[in-house]
Amino acid sequence: MHRVIFLCLFIGLITTKSVSAQEVTLSRKAREVYDKAQKAWQERKLPEATELFTKVLEMEPNSYDTHLRLAQVYELQRNADLTRKHYKKAVQLRPDAPQSAPALQWIGRDHFNAQRYDSAQFYFEKAQALFPPKSSLGRLAEKSVASSKFARQAAKNPLPIEKKSLGDTVNFLETQYFPVLTADDETLIFTGLTANRDENIYFTRRIKGSRADRWDVPEEISKTINTANNEGTCTVSADGRTLVFTACNRADGYGSCDLYISHKEGKEWSQPVNLGQEVNSREWESQPSLSADGHTLYFASDRKGGIGKRDIWVTHLNDKKQWSVPKNLGPTINTSDEENAPFIHANGRTLFYSSNGLPGMGGFDIFIAQKIDTTWAAPTNLGYPINTVSDQVGLFIASNGENAYYTDDNTDKGNGRSLIYTFRVPESLQKIITPTRYAKGKVFDKKTGTVLASEIDLYDLKSQSKVGSFTSDSQNGSFLAVLNSGGEYAFYVSKPGYLFKSLSFSVNNDQSFVDLEIPLEAIEKDRAEVLNNIFFKTGEYILDDKSKVELDKLSDFLNKNKTIKIEISGHTDDVGSDTENMALSQRRAQSVQYYLQQSGIAADRILAKGYGETKPMAPNDSDENRQKNRRIEWRVL
């Protein structure tokens, strides 16, 4: 489609120019026929124009303008052989004429499509020399030269890719595309186009205990989401419970296509809601990609204020559950041409997207960019054969960074079907994608076993920064949170009427996930919790700076429950004398008490007491058990 637009642009620019360049050597009769052909051309009567221009060539075989015109006519009719014939003849007759630049560009593209990159570069360079340097066509020729150089090297050094169809069970329609997966790799969601041109969203689950990539029969995702209108190009949060999708021309829409959101509780999806006029404009918004926690949304749009024809934008969900005004990702990512189909990896810092504004294999290529702090590094083309001369749009990389899913045309059978494929990500690419693992489990009432809907905040202990917010399902208490491998994390689970719970754990590359069963204690007398992320140096009682997040959480809890009084208790293992341990535990408890008082909690609400080694949680017979016994607890008085 984009090449057709490009060709029409060429034709529109030279329609009037080549009229003035008509050779004065045409005979009067030939000129009369040429003028009639020219009129038919301008009126877009292509068959008549073709016949008349052909008659001119019968009289004047070397008429430059006529060869140029016939090439343009055949180009519109998508007759590549005759387009090639007449453009080549025009270039042969007047190789240095400015009007030959589009012909040279077309011939260059013809060679490029046939993967003759040296020849393509030759013709693109000839075209570039004839186009005005700062014109859009001059920039296009310059990019085409760069693409020829890139494609030649990429084709010489192909990535070891072996694509494999997901099979007829998943690919049950003529067209299915934009696959996305949950972080546990268990659920695949995609868009499918039915025989009557109805676009719907489908899902399938991996068959447990089966070999890789064996999937169950797809089902429609929900009758509340799929309608008689078109719904598609969706994205899902890591836990599979937040879905954002595209719907067009709806009564509650703000533009041609808008983004809608739906949430899953138990097995049911909520009625979709338009993301609102902050996110959706009067223009086109589509191709969304959610961060793992569902709080950051990337999407493509041609809204005003962008850099190119279509750009990639980002919006964030704030503490009030409102989406922020979208921000353009800027000129590092967006070009003056088109960018689309963003995909933010589960690690939150690796972005994949498609662009036709950068050097590549032709048309739309897929690029990768890494986020460093708050800025994006320059994008890199993923290379061949992930990218080919065809348009490549929409790539999903599993959270572990090992497998990729994408849509491709089933050209080997020549039937034009769009199928979902998978391939193993090459090691060279895996090295630059930080893999993620995940924590999943259930939150429940410790006393009754009742499942609970709760808020879960995830912090990186090394940076003491919040890296995600999640919720547990109100119907089954389940949750899933994405973790970057090699990290040390703190979980804070909270629900009104319950003591908040803190957990601390590390994730290494050997683990695919952490399984957490989280019982919450109701706010009742003598109910207690361990503060798992309070840190002291060995034998000391001065709080480490890493303890701040945990203590602020406790302070926040006390501010929300102003009638509660608590005891802060210090405990040690059996290393050292009883007297020393008792004194150390008392001082540590007092350090916590002092921090809370400095945070505004009244002194009479906090009792500090040291128990030394008198109340162990486990026998002091191993380093692991001794670590459990060295702790700070808080108890409701």
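The values are calculated or read from the model by the stated rules, or taken from the named source; none is laboratory data. Treat the numbers as computed from the prediction; the structure is a model and nothing was measured. With ideal geometry, Cβ positions are generated from the backbone for all residues, glycine too; neighbour counts draw on all protein chains shown.
The table below lists the values:
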{"read-out": "Flag if Asn226 is in a loop (DSSP other than H, G, I, E, B), without any contact (Cβ under 8 Å) to a residue 40 or more places away in the chain and closer than 19 Å to His263 by Cβ", "value": "yes"}
{"read-out": "Enumeration of residues in region 300-314 that are touching a residue at least 40 places away in the same chain (Cβ under 8 Å) and either in a strand (DSSP E or B) or in contact with a Cys (Cβ under 7 Å, 6 or more places away or on another chain) (or both)", "value": "Ala300, Ile312"}
{"read-out": "Failed item in (1) over 45 Å from the mean Cα position of the chain (by Cα); (2) within 19 Å of Ser502 (Cα to Cα); (3) modelled with pLDDT under 95, with Lys548 passing the rest", "value": "(1)"}
{"read-out": "Hits in region 337-354 (condition: touching a residue at least 60 places away in the same chain (Cβ under 8 Å) and assigned to a loop (DSSP other than H, G, I, E, B))", "value": "His345, Ala346, Asn347, Gly348, Arg349"}
{"read-out": "Qualifying positions in region 290-315 - of a type in the set (Lys, Arg) and either more than 18 Å from the chain's Cα centre (by Cα) or assigned by TED's automatic domain parsing to the domain that holds Leu140 (or both)", "value": "Arg303, Lys304, Lys309"}
{"read-out": "Extreme residue, surrounded by the fewest Cβ atoms within 10 Å (Cβ to Cβ), among residues of region 95-123 that are in contact with a Leu (Cβ under 9 Å, 6 or more places away or on another chain) and not in a helix (DSSP H, G or I)", "value": "Asp96"}
{"read-out": "Condition check for Leu82: surrounded by fewer than 20 Cβ atoms within 10 Å (Cβ to Cβ) and free of Cβ contacts under 8 Å to residues at least 24 places away in the same chain", "value": "yes"}
{"read-out": "Qualifying positions in region 284-305 - under 18 Å from Asn347 (Cβ atoms) and acidic (Asp, Glu)", "value": "Asp293"}
{"read-out": "Selected residue (criterion: surrounded by the fewest Cβ atoms within 10 Å (Cβ to Cβ)) from residues of region 318-354 that are over 11 Å from the mean Cα position of the chain (by Cα) and closer than 20 Å to Ile432 by Cα", "value": "Thr332"}
{"read-out": "Per-region count, region 175-198, residues touching a strand residue (DSSP E or B) at 6+ places or on another chain (Cβ under 8 Å) and farther than 12 Å from Glu220 by Cβ", "value": "15"}
{"read-out": "Some residue of region 544-565 being outside any helix (DSSP H, G or I) and either buried (at least 18 other Cβ atoms within 10 Å of the Cβ) or among the small types (Gly, Ala, Ser) (or both)", "value": "no"}
{"read-out": "Filter pass, Phe536 being surrounded by 13 or more Cβ atoms within 10 Å (Cβ to Cβ), under 44 Å from the mean Cα position of the chain (by Cα) and over 22 Å from Pro616 (Cα atoms)", "value": "no"}
{"read-out": "Hits in region 592-637 (condition: closer than 29 Å to Asn561 by Cα, within 45 Å of the chain's Cα centre (by Cα), part of a helix (DSSP H, G or I) and basic (Lys, Arg))", "value": "Lys628"}
{"read-out": "Hits in region 360-378 - residues which are at pLDDT 95 or above, surrounded by fewer than 22 Cβ atoms within 10 Å (Cβ to Cβ) and not in a strand (DSSP E or B)", "value": "Ala377, Ala378"}
{"read-out": "Boolean, Leu458 is within 20 Å of Asp373 (Cβ to Cβ), in contact with a Ser or Thr (Cβ under 8 Å, 6 or more places away or on another chain) and in a strand (DSSP E or B)", "value": "yes"}
{"read-out": "Single condition Ser577 does not satisfy, out of (1) over 38 Å from the mean Cα position of the chain (by Cα); (2) under 17 Å from Glu633 (Cα atoms); (3) free of Cβ contacts under 8 Å to residues at least 60 places away in the same chain", "value": "(2)"}
{"read-out": "Residue that is farthest from Gln176 (Cα to Cα), among those in region 218-229 that are in contact with a strand residue (DSSP E or B) (Cβ under 7 Å, 6 or more places away or on another chain) and surrounded by fewer than 17 Cβ atoms within 10 Å (Cβ to Cβ)", "value": "Thr224"}
{"read-out": "Members of region 413-454 that are modelled with pLDDT under 95, among the small types (Gly, Ala, Ser) and part of a loop (DSSP other than H, G, I, E, B)", "value": "Gly414, Gly416"}
{"read-out": "Among (1) assigned by TED's automatic domain parsing to the domain that holds Pro288; (2) closer than 30 Å to Lys495 by Cβ, the one test that Lys447 misses", "value": "(1)"}
{"read-out": "Selection count, region 134-149, where residues are within 14 Å of Gln115 (Cα to Cα) and buried (at least 19 other Cβ atoms within 10 Å of the Cβ)", "value": "4"}
{"read-out": "Unique match (being in contact (Cβ under 8 Å) with a residue 12 or more places away in the chain and closer than 26 Å to Thr191 by Cβ) among Gly383, Gly357", "value": "Gly357"}
